[in-house]
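Note sheet for the following structure.
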């Protein structure tokens, strides 16, 4: 029904009601007034006639009395009857056939009595009775009320007519009122709707949950965020309570750890800010910050509460993520620092070891086979090798320890290791190899890769313990984009492209979040006998292979390590460590450049033994000068990488300036990959990592010079 | 806006108004349509006038007493009814008190034995005595006498100083059978060779002595002849009326209006009645009524005391016959 129709109907009905009341009241009043007038009139008339009748009664003159009564009827049309009774018996009357029995014997009083009755035909009468003087006679006069009422019928008709006309006017006015009201209300409604829509837009724009809550917890106002919390259902129309929306609970929250902000505001009548635990529709607990403020009525009582709930969960997650990232960076920095330290030590130690190791090697060459001294030198050489191994492990932990770089067939490696791996874990644990087809090799140190596999599977076996479990080793070749790689290893920008994924997953006890954050820390262990270097070494090895590692684990659901190795990229000048030519001797001149005197001395001696003439230089500057002067007679250069004044790389550039095709074998205590990175594509003839034996040096020279002469 | 802030329950208020209007409307409808809970009277179920006086419930024998219209019926009833009830009660009867407009009607009641005992004027007694032997039972003693007079009255401020001054004036008689109110002035005129029509300018009957006194006092009549007992009685009861009149002439004494019975009334009842009347003054309550009526007591009457009345009437009748 339209607003106009509603207003019209209500106005018309109300007007009709009021007019009806007024008209009816007037009709009733007039009728009552008429009755009272008639009462008064006929009371007087009856009293007068009673006085006239008294003497006739005393004279017992019934004939005259009857005449008197009849004359009353003759002179007044309103009268229906008149009679006199004495002691309840008819005495004189105007009835044709006696006085009606029920009109007789009514109570007598000194004052006039009025009695209303109807006859069987429904005609109504008004009986006025007056005692006749001091006699025992009572005069009754019967008035026809219809006839008496007839006097005021014209007046009543006029009142009814006026009422009808007024009602018609009221209907017309109601129509006009409806039209005016509709117009006003429509414009006001539009303005109000705009205002409400604007306000709703504002509160919907608030990203947090905003509600106005009544004291009984029902929601009086809600923004879009709240509606989204209820799955789009309107909480106001549904008369939902705040705890149904915020706690998924049918009863108000009563947790003492997280006090209800509603109760706080009602109790204190002040704004309250509390951290509160909410629960979403999926049953997840959400820590929210609630700001609740009171709305007062005119008496100062809190009638409603404005509540703004801010979800702190995402912020906490972001904070945790940031902390995790920081930890990763700290770990990376830690490892980097350790690497710098280790590589520095390795460089220095390797240089020293070259002198020790090489000279002992030369000494052994010169000694007789039966010399008793040989055993001492051999022991010393063994000790020196152990020192070199120690340096190697240190470099491995620091991610700089790869000493070999070759193509490794991962499947072949895993299958070779399978027996050893099964032997290292419980018999209740099975190892399942899920190897991809056509997998290409990775480049690296097979020993270190074995160490990686062994360490992780050993840990997996220990996580499963004596329970029945399974370890799945899965490989696959995947294409990695920048974002994927950045997510796994944020500290280094790994190149996009093909990677070999090695995944080792167990059904063990899993790791807590805390443990996961520290498993790659050096010396961190959850085992009583562990050194805490196993997974640190894994981490370092993977990093040194240009790869990345990711761990996924949940307590009770097992742990999964995913290791990415770059798919193999063939290197130019692959080493062929063929040591068959033990007695090879060369010719020509070799320039030995090294800032370490023991190394320089050992190398010079060894090269001379191999049949070469030797020039030596203690740094790059000196080497360049010598080379500029003798480059025509120099066949090759053994060049140390790290030197004062001018390092190996600069020296190499200078030498190439003098002679573009100069043959240079680089020597360094660092790994080949790290050392030769800046020489890529520049025609480096070879690399030999310190410390090395004389035989290795001879092999390097043989291969390099042989390749030159072959070319 | 997606909600209501400060909602105060509009629908509840609206419902309340509707209920109020409904209640008012219902009350109004009841007011307009209701109230006609009048009893219904079957007008066909009637009681005819059987002439009974409605006192049949009383088992005692009836003593019917009539009082002549010497004074107005209202005053007569006021003064005599209780006395008669007392008298009847002494006899173990219940009284039925009757009045009639004229003396002759009362005489007819006695003659027809419709009453047992009657207070009549002296004139009607003499007539009843002659017609059916009306018997004198007792007579009252008023002011120590058993006689009374006829007073000729004029207005206090009138120039009338004697009966003769009333010539050509308007004169009020009481009842045609009244001795003091009609027979005496007629006799006085007859003695003068006059008749009422010849002497007075206009005459009328007032039906009672107090009416005649009032007629003179109010100037309705220039003169009137009334019972001395009545004028004396009224002069005590309401002197403001009698004060407006002046007695211009007083007649000789006549036998006082008696209490009479029909001659056929059983002698035993007759005697009981006589004794009751004669001893009434001994009754405390009766003395109160006597005082009001200004009589002392009742005594045995003597018919001879009314002889003068008989002679006056005879004179008047002869005069009338002679005049014709």
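For chain B, just the Cα set please: Rg and Dmax, both in angstrom.
Over chain B's Cα set, Rg and Dmax evaluate to 31.7, 129 Å.
Distance from a point 7 Å along Cα→Cβ of residue B:293 to each backbone N in segment B:130-148: keep the residues under 15 Å and list them by number.
Only B:137-147 pass the distance filter.
Per residue, what volume in Å³ does the convex hull of the Cα atoms of the protein assembly as shown enclose? Spell out each step's value before the answer.
On the way: hull volume 392.0 nm³, N = 1035.
Looking at the protein assembly as shown, the number lands at 379 Å³ per residue.
Quickly work out the residue A:28-to-residue B:268 label distance, labels modelled 7 Å from Cα along the C-beta direction, and quote it in nm with one decimal.
For residue B:268 paired with residue A:28, the spin-label model returns 7.1 nm.
Take the Cα atoms of segment B:93-183, find their three principal axes, and give me the spread along each one in whole Å, biggest first.
Ordered largest first, segment B:93-183 gives principal extents of 52, 30, 26 Å.
For segment A:1-141, just the Cα atoms, rotate onto the principal axes and tell me the three extents in Å, largest first.
If we take the Cα atoms of segment A:1-141, the spans are 82, 28, 27 Å.
Once you have the Cα-Cα distance between residue A:251 and residue A:366, take 0.36 nm times their residue separation minus that, and quote the gain in nm to one decimal.
On the way: separation 115, 0.36 × 115 = 41.40 nm, distance 9.54 nm.
The span from residue A:251 to residue A:366 would gain 31.9 nm if fully extended.
Would you order A:643, A:516 from fewest to most other beta-carbon atoms within 10 Å of each residue's own beta-carbon? Spell out each step's value before the answer.
Details: A:643 22, A:516 17.
Arranged by neighbour count, lowest to highest, A:643, A:516 become A:516, A:643.
Quick one: what do you get for segment B:187-324 if you divide its Cα Rg by 2.2 N^0.38 Å? Could the numbers behind the result be given before it?
Numbers: Rg = 18.7 Å, N = 138, 2.2 N^0.38 = 14.3 Å.
So the Cα radius of gyration is 1.31 times the expected 2.2 N^0.38 Å.
Percent relative contact order of segment A:7-109, based on C-alpha pairs within less than 8 angstrom and at least six residues apart?
14
Evaluate the distance, in nm, between pseudo-label points positioned 7 Å from the Cα of residue A:37 and of residue B:159 along their respective Cα→Cβ axes.
The answer from the label model is 5.4 nm.
Suppose the chain between residue A:415 and residue A:239 were pulled fully straight at 0.36 nm per residue; how much longer would it get relative to their current alpha carbon spacing? The partial results should precede the final answer.
Working: separation 176, 0.36 × 176 = 63.36 nm, distance 6.71 nm.
Fully extending the segment from residue A:415 to residue A:239 adds 56.7 nm.
Shielding of A:52-65 by partners, i.e. mean partner chain Cβ atoms within 10 Å per residue?
Values: counts 0, 0, 3, 8, 2, 3, 13, 9, 10, 4, 2, 0, 1, 0.
Per residue, the average neighbour count from other chains is 4.
Which of the peptides B:212-219, A:622-629 is most tightly packed, and how do the rest follow, going by the mean number of other Cβ atoms within 10 Å of each residue? Write down the numbers at each step before the final one.
Values: B:212-219: 22.4, A:622-629: 18.0.
The most tightly packed comes first, giving B:212-219, A:622-629.
Can you compute the helix-only [θ] at 222 nm over chain A? Use -39500 (n - 2.57) per DSSP H run of at least 4 residues, normalise by all residues, nearest 500 deg cm²/dmol.
Helix-only estimate at 222 nm: -16000 deg cm²/dmol.
Based on the Kirkwood radius over alpha-carbon pairs, what is the Stokes-Einstein translational diffusion coefficient of segment A:409-493 at 10 °C with 1.306 mPa s viscosity, in µm²/s?
On the way: Rh = 14.5 Å.
Rounded, D is 109 µm²/s.
Sort B:120, A:703 by Cβ crowding within 10 Å, fewest neighbours at the top.
Numbers: B:120 26, A:703 20.
Taking fewest neighbouring Cβ atoms as first place, the list is A:703, B:120.
Please state the shape class of segment B:105-153: rounded when a/c is under 1.5, otherwise prolate if a/b exceeds b/c and oblate if not, all from the C-alpha gyration tensor. Don't jump to the answer; show the numbers that get you there.
Numbers: a/c = 2.34, a/b = 1.74, b/c = 1.34.
Taking the square roots of the gyration eigenvalues as a ≥ b ≥ c, segment B:105-153 is prolate.
Equivalent ellipsoid semi-axes for segment A:603-664, as square roots of 5 times the alpha carbon gyration tensor eigenvalues: give them largest first, rounded to whole Å. The partial results should precede the final answer.
On the way: eigenvalues 66, 40, 18 Å².
Over the Cα atoms of segment A:603-664, the ellipsoid semi-axes are 18, 14, 10 Å.
Between Rg and the Kirkwood Rh of segment A:648-711, both from Cα atoms, what is the Rg to Rh ratio? Can you show the working numbers first?
Numbers: Rg = 11.9 Å, Rh = 12.4 Å.
A ratio of 0.96.
What is the spin-label model distance, in nm, from residue B:307 to residue A:527 if the labels are put 7 Å beyond Cα along the C-beta direction?
Going from the residue B:307 label point to the residue A:527 one covers 18.2 nm.
For helix A:446-464, report the angle its Cα long axis makes with the longest principal axis of the Cα atoms of chain A; keep it between 0 and 90° and round to the nearest 10°.
Once rounded, one gets 40 degrees.
Between residue A:310 and residue A:552, what is the FRET efficiency for a Förster distance of 25 Å, r being their Cβ-Cβ separation, to the nearest 0.05? Write down the numbers at each step before the final one.
Working: r = 31 Å, r/R0 = 1.24.
The formula returns an efficiency of 0.20 here.
What number, in percent, do you get for the relative contact order of chain A if the mean sequence gap of Cα pairs under 8 Å and at least 6 apart is divided by its residue count? Please report the intermediate quantities before stating the final value.
Details: 1149 pairs, mean separation 56.3, N = 711.
Averaging sequence separation for qualifying contacts and normalising by length gives 8 percent for chain A.
Using 0.36 nm per residue, how much length does the chain from residue A:385 to residue A:630 gain when fully extended, once their Cα-Cα distance is taken away? Before the final figure, lay out each step's value.
Working: separation 245, 0.36 × 245 = 88.20 nm, distance 3.64 nm.
Here the segment from residue A:385 to residue A:630 would lengthen by 84.6 nm.
FRET efficiency for residue A:199 and residue A:168, Cβ-Cβ distance as r, R0 = 41 Å, nearest 0.05?
Values: r = 45 Å, r/R0 = 1.10.
Rounded to the nearest 0.05, the efficiency is 0.35.
What whole number of Å gives the distance from the Cα centroid of segment B:93-155 to the Cα centroid of segment A:160-230?
Their Cα centres are 101 Å away from one another.
Taking R0 as 30 Å, what FRET efficiency do you get between residue B:218 and residue B:75 from their Cβ-Cβ distance, rounded to the nearest 0.05?
Details: r = 17 Å, r/R0 = 0.56.
According to the calculation, E is roughly 0.95.
Which order results if A:18, B:273, A:353 are arranged by neighbouring Cβ count within 10 Å, fewest first? Can you show the working numbers first?
On the way: A:18 15, B:273 25, A:353 22.
In order of increasing Cβ crowding within 10 Å: A:18, A:353, B:273.
Any read-out appearing in this document is the output of simple, stated calculations on the displayed coordinates, not a laboratory observation. Remember, it's a predicted structure, so these values are computed and weren't measured experimentally. Neighbour counts run over all protein chains shown; Cβ positions are idealised from the backbone, glycine included.
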